[in-house]
Amino acid sequence: MAIVAKTSRFGKYGRPTLAWVVGLLFFFPIFWMVLTSFKTDADAVKPEHLIFFKPTFDNYINMTENYDYWRFAKNSVITAVMATVFTLFVGIPCAYAMAFNPSRATKDVLMWMLSTKMLPAAAVLYPMTFITKTAGLFDTHFLIILVLSLINMPIVIWMLFTYFKEIPKDIIEAGQMDGANTWGEIKEILIPLAWGGIASTALLCFIFCWNEAYWTVRLTTTDAATLSKLIEGNRAPEGLFFGRLSAVSAAAVGPIVVLGWFCQKQLVQGLTFGAVK
Amino acid sequence: MSDRKLPRLLQTPAVLLLLVWMLIPLGMTLYFSFIRYVLNSLRRPEWTTPSFSNWRGFGNYEFVLNSKDFLFAIQNSLFIVCSILFLTVILGVLIAVLINKTFPGQGIVRVLLISPFFVMPAVNAVLWINMILDPVLGLQGIAVGGINELIDGLKDAPLVGWFFGMWPELQPISFRATQTSAYAVIIMVTWQWTPFAVLIFMTSLQSEDQQQKEAAVLDGANTWSQFRFLTLPHLARPIAIVVMIQAIFHLSLYAEIEIVSRGNGNKNLPYLIGEFANNNIGAASATGIFAVILANIVAIFLLRMIGKTLME
Amino acid sequence: MGRIVLKNVTKTFGETQVIPPLDLTIEDGEFAVFVGPSGCGKSTLLRMIAGLEDLTSGAIEIEGEDATEVPPAKRGLAMVFQSYALYPHMSVRKNIGFPLRMAKMEQSEIDERVETAAKSLNLMDYLDRKPADLSGGQRQRVAIGRAIVREPEAFLFDEPLSNLDAALRVGMRLEIGELHERLKTTMVYVTHDQVEAMTMANKIVVLRAGVIEQVGSPLELYHKPRNVFVAGFIGSPKMNIFSGPEAEKLDAATIGIRPEHIGVSMTDGLWKGRVGVAEHLGSDTFIHVHDTGLADMITVRITGDIAVKHGDTIYLTPQPDQIHKFDDEGLRN
């Protein structure tokens, strides 16, 4: 950009400053939550202890000792990981078929899949509870994994589809000419080529699974209860137990935010759903 | 050809799973919406088990249509979704343009900005409504209290005291009333999803044609014209994506509404269904069918319109 | 080994018929070139032979066996794509060895064959590079290497040279020609460039809108084009084709005369015209002549150099035995 080399004063100082202010503002609520989690419940609501207070780990100790945090965390990890794996397992072949052997209905099928995400979960809550209880699946890991997979499958398939479409069709056809069967094409050509896209899709799917709070709360009691259930249980009436609430929240959100930081690059790509270059 | 059929068959597991996932509950909802079905009834215990003998025809639908909550819930759903879309797109474009150029710490600012997107919706709601927006104990209450105290103190100051004496006492806003709690929902969801918009727009800005911009500079275009005539059209497609994805997610917004509202009257369609479902499954199901219809109308408009550009 | 027979083959995309019923036999060991303007269906035809495109009706026989329903992988054909279609995540060695690995060949055998192929294609120094680190010509050679290691019944080439620059294209043309001489395997080659067709083929198949206009050896097509289309398509510069009184004199609706079959004089001749642009190539001179009253422009090709300039009056005389005559339907008289 040689011809616009002259940088205005705003460009040199104002822009970075403003950018930092915006960034910090957006991060502030998370920072505040973490800060509050180190306050006692009493200190948390006292204006004089807004910033200066005696930090304590009591909330976290309390959480792990009395609220069984690790069990919820373990369930969250198990269900989110398994659901992501299962979704990809079903989604990759589907997106492959759609991207490389499209029929006239492909676009409509994709759009229909996406539209299932718009259905109000509340409308089918009662039948779902009824069915799962009858089938003896209520509050099982299997059920939660299945449900998490299903609600994320449309987005995952769509993302994979957009990534796969980037791969030149010639390369897949070359694979066919070279004697690869369908499985060979997927394993030897498609997956290695779309690895970046698959990884970001998987990450995003994992995050959505982790954060899901409608079905995980309503279709579990204890055995398969995830961290969102823990939050639900600690949603005390207004103003009470801010410290405890913050600790639970921070512990529920923390892992995923840190994961997000580390995988930022892939995520940014993934978040664009492959549709923006 | 046999070799072509197998790849097509690979779609079937996903399609079948989603079909079952959609049709079975939907079928049951449809069934329940045409019968009298409540969870507890001392007067009519036969209504507590679903059965065709409790057929009510369109009775549940009439009941829902006549309930004053229904129209309000629809309006409120649309109000909330549209406001969020509007705010996230505007903020997203502004912030994306702001941080697109390199500056010291750009990477860190990006990490800070992206963080809200990872926060669990339930935590988001709990965090904002309690610790930030609460009129007494939240940061809002504390800030308003602090300002009032400061002004109170200044009233006795010599010379300028009269000036501050004329200031009214600030009242914190309660975000738990019917309408203000909708604002609270809008604020927290906007906070969570603006990063999403920023990231998409930023990715798109990075692919902007720099030669085109240089040509525009040579043609005498100032910064604003460049933004208006080059950048904004370039962003049309990403904006469409942001709108579409968010519409998909926010039409079924639930956790935030539930946590913020707590029966204060603020509701959207999913929440209304939840309310009915506490007892009147028939009415909840009828509302659910309405919600499905609404979702499909939006889907047809949105997905068809935007989907076309996305498939290219 | 590789005799390919197309029987009554058709292809429709939706409502449009891309290939009307078509019969064609490619003999074993032949170098057949499908040539035609873009959109004439030549690539579709090749892809149908490859099995990448379904037939709407008809049948394909490869080596005497019906291959219509056989998946591409099992037809024993190898294909070189226009984009080369190398696997970007694999080294050259892996790329070339891929078809053998898919055929579940022993690793030692694969290595051996890859080395042999790489040696013959001058790729030994690049075996461990990724396709992205290769030049266009090298990528092309890798694509060919991947095709030859399989020792296929026939090779299919889909405009393999169109992504190369002019100099490389000539070189690769020779290499593919030599390859054919050496292997004697059937090759089917698609191009829109009639020079490639003329220089490489034993048999040229000229296609227009899915219809075979003429099949024949390069010289047959040059000397005896079956119709106006083939006459105009084969040969460079293009044949001069016009109708009018001059054609009627010869009892034809249209006549054609190749630029190299017209004599030039500054003083007298059959036709008189004015020089437009003269292109001096050194070895040849192409003169574009206007105002002849025959056509907008007549192109003349003179061996060697000739001193003409823009606006000069010039006289043209065609060699009578080289005039092609066509009837009302454009067919050769």
Pairs, first assigned to a helix (DSSP H, G or I) in the stretch C:110-136, second of a type in the set (S, T, N, Q) and open to solvent by less than 60 Å² (accessible area, probe 1.4 Å), C-beta under 8 Å, six or more apart:
C:Tyr126/C:Gln138; C:Pro131/C:Asn95
Give just the number: which of (1) more than 10 Å from chain A (Cβ to nearest Cβ); (2) farther than 13 Å from B:His250 by Cβ; (3) open to solvent by 10 Å² or more (accessible area, probe 1.4 Å); (4) not aliphatic (A, V, I, L, M) does B:Cys82 not satisfy?
(2)
So for the stretch A:75-84 (the condition being under 27 Å from the mean Cα position of the chain (by Cα), surrounded by fewer than 22 Cβ atoms within 10 Å (Cβ to Cβ) and small (Gly, Ala, Ser)), does at least one residue qualify?
no
Within the set of pairs 6+ apart or on separate chains, which have a first residue in the stretch C:41-70 that is free of Cβ contacts under 8 Å to residues at least 40 places away in the same chain and outside the structural domain of C:Ile19 (by TED's automatic domain parsing), a second that is small (Gly, Ala, Ser) and open to solvent by less than 30 Å² (accessible area, probe 1.4 Å), and C-beta atoms under 9 Å apart?
none
Is it the case that some residue within the stretch A:4-27 is surrounded by 16 or more Cβ atoms within 10 Å (Cβ to Cβ) and touching a residue at least 12 places away in the same chain (Cβ under 8 Å)?
no
Number of positions in the stretch A:98-112 that are hydrophobic (A, V, I, L, M, F, W, C), within 15 Å of B:Thr12 (Cβ to Cβ) and surrounded by fewer than 24 Cβ atoms within 10 Å (Cβ to Cβ)
4
Within the stretch B:1-120, considering only helices (runs of 4 or more DSSP H) that don't extend past its boundaries, which have at least 1 residues that are assigned by TED's automatic domain parsing to the domain that holds B:Phe201 and on the phi < 0 side of the Ramachandran plot?
B:68-100, B:106-114
Across the stretch B:167-207, which residue is nearest to the other protein chains (Cβ to nearest Cβ) among those that are outside any helix (DSSP H, G or I) and polar (S, T, N, Q)?
B:Ser207
What is the number of the single condition among (1) open to solvent by 20 Å² or more (accessible area, probe 1.4 Å); (2) over 14 Å from B:Thr88 (Cα atoms); (3) at the interface with another protein chain (Cβ under 9 Å from one of its Cβ atoms) that B:Phe249 does not meet?
(2)
Looking at (1) within 30 Å of A:Thr106 (Cβ to Cβ); (2) open to solvent by less than 40 Å² (accessible area, probe 1.4 Å); (3) away from chain C (no Cβ under 14 Å), find the lone condition where B:Pro7 falls short.
(3)
State the number of residues belonging to the stretch C:247-278 that are open to solvent by less than 80 Å² (accessible area, probe 1.4 Å), of a type in the set (D, E, K, R) and in contact with a strand residue (DSSP E or B) (Cβ under 7 Å, 6 or more places away or on another chain).
1
How many of the residues in the stretch C:1-43 are within 21 Å of C:Glu213 (Cβ to Cβ) and either in contact with a helix residue (DSSP H, G or I) (Cβ under 7 Å, 6 or more places away or on another chain) or open to solvent by less than 20 Å² (accessible area, probe 1.4 Å) (or both)?
20
Of these, B:Phe34, B:Phe70, which one is farther than 13 Å from B:Thr287 by Cβ and open to solvent by less than 80 Å² (accessible area, probe 1.4 Å)?
B:Phe34
Please work out which residue is nearest to the chain's Cα centre (by Cα), limiting yourself to the stretch C:98-109 and to residues that are assigned to a helix (DSSP H, G or I) and touching a residue at least 24 places away in the same chain (Cβ under 8 Å).
C:Pro99
Given the conditions (1) over 30 Å from B:Val119 (Cβ atoms); (2) open to solvent by 20 Å² or more (accessible area, probe 1.4 Å), which single one is not true for B:Arg176?
(1)
Tell me, which helices (runs of 4 or more DSSP H) lie completely within the stretch A:140-251 with 3 or more residues that are of a type in the set (A, V, I, L, M, F, W, C) and away from chain C (no Cβ under 14 Å)?
A:141-166, A:195-211, A:227-233
Can you spot a residue in the stretch C:200-222 that is assigned to a loop (DSSP other than H, G, I, E, B), in contact with a Gly (Cβ under 6 Å, 6 or more places away or on another chain) and at positive phi?
yes
A careful count of residues in the stretch C:61-76 that are within 14 Å of chain B (Cβ to nearest Cβ) and crowded, with 20+ Cβ neighbours inside 10 Å gives 4
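The values are calculated or read from the model by the stated rules, or taken from the named source; none is laboratory data. Treat the numbers as computed from the prediction; the structure is a model and nothing was measured. Positions of Cβ are backbone-derived with ideal geometry, glycine not excepted, and every protein chain shown enters the neighbour counts. Just so you know, the surface numbers come from the protein's heavy atoms only, side chains and all, with ligands and any DNA or RNA stripped out. Shrake-Rupley method; radii C 1.70, N 1.55, O 1.52, S 1.80 Å.
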